[in-house]
Every structure is written in structure tokens, then in C-alpha cells.
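Participant: Have a look at this one.
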Amino acid sequence: MSPRISLIIPAHNEAAFLPACLAAAALAAAEIDSPVEIIVVLNRCTDATEEIARQHGCRIVNEDAKNLSLIRNAGVAAATGEIIVTCDADSRMHPGSFQEILRRLDSGKVVGGGAMVLPERWSLGIIASVFAILPYLAFCGVSFGLFWCRKRDFEEIGGFDSRFVSVEDVDFARRLKAHGRRSRRGWGTLLWKPLVTSCRKFDQFGDWYLFRNPAFVRKVFRGDDRQAADKFWYDVRSE
């Protein structure tokens with residue numbers, strides 16, 4: 001049976017997090033009738049990420065660019081499912097995620113969407129940081145974290161824009177939402193099927209970092225600051 005869903009997971013040295021991500025995906029896949037194709041896009045990995053992915057039966061794609069748009073697009077290009085779902089390797093989806101995604105897309109009322117995102121832990125600094133970035137996210141009017149849509153819609157809007165070295169996901173969501181509006185389809189958010197994400201950025205930079213560095217947050221949400229992107233995403237884990 002051909003998969004309806006292809007799950008794309010970018011992975012740069014994710015040996016510590018990937019097993020939990022894949023275990024959560026397996027639980028969600030068990031709730032639907034068709035198989036789920038899982039594609040792990042290896043990006044400059046020097047740890048056991050590839051071995052873990054192969055042990056779990058994932059398809060492997062390689063993309064070494066320090067650009068998450070190109071990394072995600074490489075995974076989608078290899079996908080055979082009619083529906084694309086993207087999830088970061090340090091996140092865990094809800095067991096009902098795939099089931100709810102199919103229900104919403106099959107209704108024909110939505111073009112795709114994102115999910116409620118919850119951190120794996122809370123602190124006063126994390127709460128303050130959430131409020132620091134909330135105005136940017138509220139302005140965009142989209143949810144994020146776990147993106148899902150039909151592959152044909154992904155291709156019609158050109159996928160993720162490689163000109164962005166950060167917030168490429170927010171840009172993608174805004175364009176997908178606008179695309180859906182043209183065909184009278186709305187934007188969906190998995191409010192009751194949240195994505196749980198790691199707090200490794202807070203562990204690395206400190207829980208108060210984003211709140212105390214508004215200039216850095218502005219650079220990140222501009223999307224074109226290579227130095228800021230490298231510091232926060234691409235070069236932060238060397239092992």
C-alpha cells in the first residue's frame with residue numbers, strides 16, 4: 001500500500017532527540033489505515049543520526065547546505081506521499097496528529113496548517129521569551145511547528161524559500177495560507193493535538209536569552225541575517 005503521508009524530518013546531529021521523535025511518529029502512524037513514509041534529511045551529521053534513522057526504517061536524503069529551506073525541500077522532493085508533514089527532530093507529535101491531519105485535509109475546507117507548540121518544560125524565563133516573540137507570530141497570523149499540506153499545494157507555492165536563513169517556516173506558512181485563501185480554503189491548527197518541542201535552545205543560551213536580547217530576535221525574524229542564523233541554528237552544535 002502506498003503511503004498517503006510523507007513525514008519530513010531535517011536532522012543535524014540529532015542522535016539525542018531523533019529516537020523520541022520517531023517513536024512519537026510511529027504511535028501517530030498506528031492510528032491511521034495507510035503507511036507513513038518517514039524521510040530523514042541528513043545535514044552535515046557526524047554522530048549516529050543516520051544509523052538511528054536506518055534502524056527505524058526511514059528513508060535517507062542528504063543535504064549539506066546550511067539552509068533549512070533547502071534541507072526541507074530536499075526531503076519533500078523525495079517524498080512519494082500525497083500529503084506532506086514536516087517536524088523537527090527535537091519535537092514529538094501527538095498520537096492523534098496524522099489522524100486529525102487526514103480528517104481536515106479530506107474535508108476540503110483547509111489548505112493545511114500547523115500545530116499548537118508546547119515546550120517540554122516551563123520556567124519564568126521561557127514564559128517571558130514566549131511573550132517576547134508573540135507579537136511577531138501574531139502579526140503573521142499562522143501557527144507553526146508541525147506543518148502539513150498536500151504535496152501539490154506545497155509545489156504550487158514553490159516550497160520553502162531558500163532566500164530565508166531563518167523563519168523560513170513562518171514565511172512558508174504565510175504563503176500557504178494566502179494560497180488557500182485564493183481557493184477558499186482556510187488555515188488549520190492542531191490545537192488539541194499539540195507538538196511538544198525540546199528546550200535545548202534555552203538550555204544552550206539560557207531561559208531569558210530571547211527576552212533580554214530583543215535586537216537578536218528582530219534579526220532572526222528578518223530572515224536574512226546569516227550570522228544570527230548560524231549562531232542560533234546551524235553552527236550551535238558541532239558534535
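The values are calculated or read from the model by the stated rules, or taken from the named source; none is laboratory data. The structure presented is a predicted model; accordingly, all values stated were derived computationally and were not measured. With ideal geometry, Cβ positions are generated from the backbone for all residues, glycine too; neighbour counts draw on all protein chains shown.
Participant: Under the condition of being of a type outside the set (A, V, I, L, M) and touching a helix residue (DSSP H, G or I) at 6+ places or on another chain (Cβ under 9 Å), which residue from the range 39-54 is farthest from residue 86 (Cα to Cα)?
Facilitator: Filtering the range 39-54 for residues that are of a type outside the set (A, V, I, L, M) and touching a helix residue (DSSP H, G or I) at 6+ places or on another chain (Cβ under 9 Å), the one farthest from residue 86 (Cα to Cα) comes out as 44.
Participant: Exactly one of (1) of a type in the set (A, V, I, L, M, F, W, C); (2) surrounded by fewer than 19 Cβ atoms within 10 Å (Cβ to Cβ); (3) in contact (Cβ under 8 Å) with a residue 40 or more places away in the chain is unmet by residue 147. Its number?
Facilitator: Failing condition for residue 147: (2).
Participant: Taking the range 131-145, which residues are out of contact with any strand residue (DSSP E or B) (no Cβ under 9 Å at 6 or more places or on another chain) and either hydrophobic (A, V, I, L, M, F, W, C) or modelled with pLDDT under 85 (or both)?
Facilitator: Listed by number, the residues that qualify are 131, 132, 133, 134, 136, 138, 139, 140.
Participant: Let me ask you something else. Is one or more of the residues making up the range 91-112 under 24 Å from residue 19 (Cα atoms), surrounded by fewer than 16 Cβ atoms within 10 Å (Cβ to Cβ) and within 15 Å of the chain's Cα centre (by Cα)?
Facilitator: No - not one qualifying residue is present in the range 91-112.
Participant: Can you find even one residue in the range 128-144 that is over 30 Å from residue 102 (Cβ atoms) and in contact with a Gly (Cβ under 9 Å, 6 or more places away or on another chain)?
Facilitator: No, every residue in the range 128-144 fails to be over 30 Å from residue 102 (Cβ atoms) and in contact with a Gly (Cβ under 9 Å, 6 or more places away or on another chain).
Participant: For the range 51-91, give me each residue that is touching a Leu at 6+ places or on another chain (Cβ under 8 Å), under 14 Å from residue 169 (Cα atoms) and not β-branched (Val, Ile, Thr).
Facilitator: 87
Participant: Considering only the range 179-200, how many residues are charged (D, E, K, R) and surrounded by 19 or more Cβ atoms within 10 Å (Cβ to Cβ)?
Facilitator: Result for the range 179-200: 2.
Participant: Quick one: count up the residues across the range 184-213 that are among the basic types (Lys, Arg), in contact (Cβ under 8 Å) with a residue 24 or more places away in the chain and farther than 21 Å from residue 94 by Cβ.
Facilitator: 2
Participant: Note down all Cβ pairs under 6 Å where the first residue falls in the range 155-183 and is under 23 Å from residue 135 (Cα atoms), the second is of a type in the set (D, E, K, R) and part of a loop (DSSP other than H, G, I, E, B), and they're at least six residues apart or on different chains.
Facilitator: 171/161
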